[in-house]
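Student: I'd like to ask some things about the structure below.
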Amino acid sequence: MSETGDQVPTQITRDGIRAMRRSYGDVGLLEGEINRDPIEQFKSWLEAASENIMIVEANAMVLSAILNDETTSRTVLLKDVHDIGFTFFTNYQSEKAQAIAQNQKVSLLFPWYAMERQVIIRGTAAKVSAQESDEYFATRPWGSKIGAWASSQSQVLESREVLEARYQEFAAKYPEGSQVPRPEHWGGYLVKPSLIEFWQGRYSRLHDRLRYTLHNNLWQVTRLNP
């Protein structure tokens, strides 16, 4: 802000944006060095990302879905990975849940920029069992449980004060230390993959892209141009 209270225009320019580039390293991704099971390959990359101090939340992923013929994207947190897919939890009344109800086909993106890596997953999403949602909800911090009750996710909110008041209402109803039940409108989804692509940045933009696709319950690996 200027001394008069006017907003000072930003100095970023088109040329400045175009000049934003960095050279990637020599660490490659070769067919002979990967796990033939993409889930196991993903687990090894996730573990490496979780140990990298430059990555804040290695399990953060961008979920993309289709709502009313438009793409909607949102960052969510991966909470489980096993041989049949990837699990996350959310409000079942949220925009992303509405999108999944219309079209189960989704995409997940793990952008591990600090490691010059990303993973893209395509598949179908479906709700997990109430039991699995209950089990995970029980492990959440008390404040997160109360937040799940207080937030009507993606709905118009009159003010921050309304949200805070709702939070206090449920905090009084379920005091810290008491058992907080899972709201019926909150639970998990399992994304069963049909495609998993591993991307490793390389010098001169000659990146490595290895794509696993599922055919007759068998994973096949192909290399793509960068």
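Read-outs throughout are calculated quantities, based only on the coordinates presented, and are distinct from any laboratory measurement. Quick caveat, the model's predicted, so the values are computed rather than measured. Cβ atoms come from the backbone with ideal geometry, glycine included; neighbour counts cover every protein chain shown.
Student: If neighbour count is taken as other Cβ atoms inside 10 Å, put ASP83, ASP134 in order from fewest to most.
Tutor: ASP83, ASP134
Student: Given Cβ point charges of +1 (Lys, Arg) and -1 (Asp, Glu) and nothing else, what value in debye, to the nearest 20, does the dipole of the stretch 21-98 about its Cα centre take?
Tutor: About 300 debye.
Student: Continuing with the same structure: For the stretch 27-128, what does the alpha-carbon gyration tensor say about shape, rounded, prolate or oblate, given a ≥ b ≥ c as the root eigenvalues, a/c under 1.5 as rounded, and a/b over b/c as prolate?
Tutor: Because a/c hits 1.5 or more and a/b exceeds b/c, the stretch 27-128 counts as prolate.
Student: From the square roots a ≥ b ≥ c of the eigenvalues of the alpha-carbon gyration tensor of the chain, which class results: rounded (a/c under 1.5), prolate (a/b over b/c), or oblate?
Tutor: oblate
Student: Can you put LEU67, LEU157 in order, fewest other beta carbons within 10 Å first?
Tutor: Least crowded to most crowded, the residues run LEU157, LEU67.
Student: Under 25 Å from the Cα of LYS145, which lysines turn up, not counting those fewer than eight places away in the same chain?
Tutor: Straight-line reach from LYS145, under 25 Å: LYS79, LYS96, LYS127, LYS173.
Student: Run lengths n ≥ 4 of DSSP H only: what is the helix-derived mean residue ellipticity at 222 nm for the chain, with -39500 (n - 2.57) per run over all residues, to the nearest 500?
Tutor: One gets -7500 deg cm²/dmol as the mean residue ellipticity at 222 nm.
Student: Would you mind getting me the FRET efficiency between ALA165 and VAL56? Use the beta-carbon distance for r and R0 = 35 Å, nearest 0.05.
Tutor: That pair, ALA165 with VAL56, gives E of 0.70.
Student: Related question: What fraction, in whole percent, of alpha-carbon pairs in the stretch 113-197 exceed 23 Å separation?
Tutor: 44 percent
Student: Could I have the simple spin-label model distance between SER152 and SER178, label points 7 Å from Cα toward Cβ, reported in nm to one decimal?
Tutor: About 2.3 nm, to one decimal.
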